[in-house]
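Below: the structure, in structure tokens.
Only the coordinates and a few stated rules stand behind these numbers; no lab work does. If you're wondering where the values come from, they're calculated on a predicted model, not measured in any experiment. Positions of Cβ are backbone-derived with ideal geometry, glycine not excepted, and every protein chain shown enters the neighbour counts.
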Amino acid sequence: MLRRDRPVGNVSVGKSIDITMLCRSKSRHSFWFPSTLTLIALAIVGCPSEGPSGVIDPPKKVKAAPADPWVLATLDPENSVPAYLSNGTIGVRFDRAGLAPDSGGLFLISAYQTSGEEKIIELPNLCLGQSKELNLARCEDYRQTLDMRTGILETSWKRNDVEVTTECVVHPTLPIIAQRIRISSGNNRSISFSDPAFESSNTNLTSWQTKRGNVTYQISQKTNTEPPKQSNGGLVIDVTAGHPFELTRIVTAADDRIQNHPDGSLDFESIAKLEKVSLDKRWKTDIEIDGPVEDQQAIRSFLFYLRNSIAKDGTMAISPFALSNQQYNGHVFWDADIWVFPSLALTDPDLAKVIPNYRLRHLKSAEQYMQKWLVANRPIIRGELGKATGTGAKFPWESSVSGFETTPTSSRFEDHISGSVAFAVKQASSLGLVSASQSNDLLNKVTEYWKQRITKTKRGLEVHGVMSPDENHTGDNDLYTNLLAQWCLSGGQFDANSQAFLPRDKVTFLTYENDPFRGYKQAAAILAIYPLQFPKAENEAMDMMKRYAGKVTKNGPAMSDSVHATVWARFGEPEKAYETWRDSWKEFTKSPLMLFSEKRSKPVTYFTTGAAGSLQTVLYGFLGFRIDSKHQINESWSKKLVGDAILSVKPNLPKAWKSVKFKNFSVLGQRFTLTSTPTETTVTQGE
């Protein structure tokens, strides 16, 4: 779970401050993390929480920052949910001062346990800067912003004549963090830094830069007339009235892929420039809406966080919480295949393909897992559809570095995972992101699994003892699971002559056999309509929505509303879709900087699955994109994909959006721009 920041105490402002800050030095596996220079200068702006009489003031009502299409902002210095920056290789959390929470919050995509449950390892946060003396509760003009065009997290506040600004940015690909802290005052001040990293050296500092381990500290030559001095195991900086003191810290979380950069080769400006260039390239593909600014801000926030949550080198597929915390141990679920992959397949295919490539890379592990499963379950496996050939593949519900099952819980019975993986890899193949031969090989091996898993009865082919995507039920014949089994057994399509048993009554399909219709943890039966696009379910879409859409618990995870919104939009209800779509993210992004929570009641972020679901509604609902073997009726545009697949467009815009421009989306290496209004849709060649 994400740990909350602890309450902090008070400090008085004086001419000289000497505070011993928290520093860490640890070795975990092959990663060495040095003691971190703590930013004591921030303590001089600590604001007392008590009034002159000693009575604690009631909490102030904090105004919400105005929505901006490019900048995420918070004016609340006391919110305990830390900010999050990542490049997919490193993820780091920052508190409301723009420094590290003292509870940690730094993760590397390469830092996992190599045995057991293969959990992601929380590493010492090298950006540590908080102390018990730091308190922002009564500071003035507080503002923290994340500019999605630059990737810079900037925090500023003031008290009396002291002003502080911190800036943080991550390198676009390497696990390197740059921080810049500027403090200005109307009075001369002597600021002391205490850090064990300096205790072993008694030599005087004669330069403007020093390095301890993997952290480089730079004092700006532009704003200080004297280099820092060592004193009592730390540093002393003299800040002259009217001349800001500026400290830059470059933090490298070293692993075996990091090049050795000599001192001075990377500074804040150079890292910020690299990130800006990277983001400029990404934002060439954008979704521009002529509508409410908060809608535009939300869409860009989904793109920004998702793009920065996948490692560019494809080391691992994305976890539901990426590198923001240890929730779900950093493991890979169907979230990656069914939720994240489609959301990025048209905007950032180079990132989207990381997910199917992860599955293909671990296909051998899935084959080994299949053999272990056969041995363990042989007494109850009938295998009427064929004997085990030794080439079958069963994908684990949770996987990590080895590709084997890592869950110790009954969730391992969510057998739809194998079909979900095959379904996503097939879509990737249609879009040219993996080869057709790779996709077919994986599909054939998953089909061998279903041949052993399915039981043949007088009613047809059944799957017994399976956990539904609803996750509150384990039993026989889950609709989504049986449909995926049918899809695999029919060679990656829905065969009208399939013998698969699909639970239903006189009205429409059931979520699973003997469904009591009492309620659901999350959308399950509706998945037959989207993303599976099962023709018979689509024909009964409104009956299914009437039955299920209102029965999902409010305490469940995000995604359900976005699936419902996508279906409403596709089937001629754009206003109902729009209302539902806003529900899919507004209640989950109440944390600062549009950080997405998994549940309404728990501010644990960043939940990539929820953001991806809301983005899918925009792409596959309102803009009407569809991957299928046939054209949409009255489509506005289409393009032939690999094999027999077709990508078509049929927008369904809500009234709140006067127009939408989807700039430079990618299909088979070509760029296109879609422009849609309520009366006209055009697709032209992109840049």
Test of understanding: ordering 121, 299 by Cβ neighbours within 10 Å, fewest first, what list do you get? 121, 299
Largest first, please: the extent of the C-alpha atoms of segment 428-479 along each principal axis, to the nearest Å. 37, 26, 14
Under a point-charge model restricted to the Cβ atoms of Lys and Arg (+1) and Asp and Glu (-1), what is the dipole moment magnitude of segment 434-482 relative to its Cα centre, in debye to the nearest 20? 320 debye
Counting pairwise Cα distances across segment 536-599, what percent come out greater than 17 angstrom? 42 percent
Can you work out the Karplus-derived ³J(HN,Hα) for every residue in segment 64-73? Use 6.51 cos²θ - 1.76 cosθ + 1.60 with θ = phi - 60°, whole Hz, and x for glycine or proline. 7, 5, x, 5, 10, x, 10, 10, 8, 9
Considering the zone a paramagnetic label at residue 684 would reach in this model (a point 7 Å from Cα along the Cα-to-Cβ line), which residues of segment 270-291 have amide N under 18 Å from it? 284-290
If you rank 421, 507 by fewest surrounding Cβ atoms within 10 Å, what's the result? 507, 421
Longer than 19 Å from Cα to Cα, which of 536/630; 546/590; 458/546; 394/445; 521/602 are they? Say none if no pair is. 546/590; 458/546
Charged-residue dipole, Cβ positions (Lys, Arg, Asp, Glu), segment 467-558 about Cα centre, Debye nearest 20: 360 debye
Radius 12 Å from Cβ of residue 513, net charge of other residues (Lys, Arg +1; Asp, Glu -1): -3
For segment 443-599, count all C-alpha to C-alpha pairs, find those more than 28 Å apart, and express that count as a whole percent of the total. 25 percent
Can you sort 295, 267, 141 so the residue with the fewest Cβ neighbours within 10 Å comes first? 141, 267, 295
Per 0.36 nm of contour for each residue apart, how much would the distance between residue 458 and residue 586 grow if the chain were fully extended, relative to their Cα-Cα spacing? 41.3 nm
For a paramagnetic label modelled at 7 Å from the Cα of residue 411 toward its Cβ, which residues of segment 557-573 fall within the zone defined by backbone nitrogen distances under 14 Å? 557-558
Order these peptides, 84-93, 244-253, by their mean beta-carbon neighbour count within 10 angstrom, highest first. 84-93, 244-253
Taking 7 Å along the Cα-to-C-beta vector as the label spot, tell me the residue 631-residue 496 distance in nanometres, rounded to one decimal. 2.0 nm
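Mind jotting down a quarter of the surface of the convex hull over the alpha carbons of segment 385-522, in square nanometres, one decimal?
9.8 nm²
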Sequence ranges 647-655, 348-356, ranked by mean other-Cβ count within 10 angstrom, highest first: 348-356, 647-655
For segment 304-456, with equal point scatterers placed on the C-alpha atoms only and solvent neglected, what are the log10 I(q)/I(0) values from the Debye formula at q = 0.11, 0.17 1/Å, to two decimals? -0.41, -0.93
Using only the Cα atoms of segment 282-331, build the gyration tensor, take square roots of its eigenvalues as a ≥ b ≥ c, and label the shape rounded, prolate or oblate: rounded if a/c is under 1.5, else prolate if a/b is larger than b/c, else oblate. oblate
Given the Cα-Cα distance of residue 476 and residue 364 and 0.36 nm per residue of separation, how much length would full extension add, in nm? 37.4 nm
Cut-off under 5 Å, modelled amide H: who pairs with residue 626 long-range: 648
Straight-line reach from residue 554: which aspartates and glutamates have a Cα under 13 Å away, not including same-chain ones fewer than 8 places off? 583, 587, 598
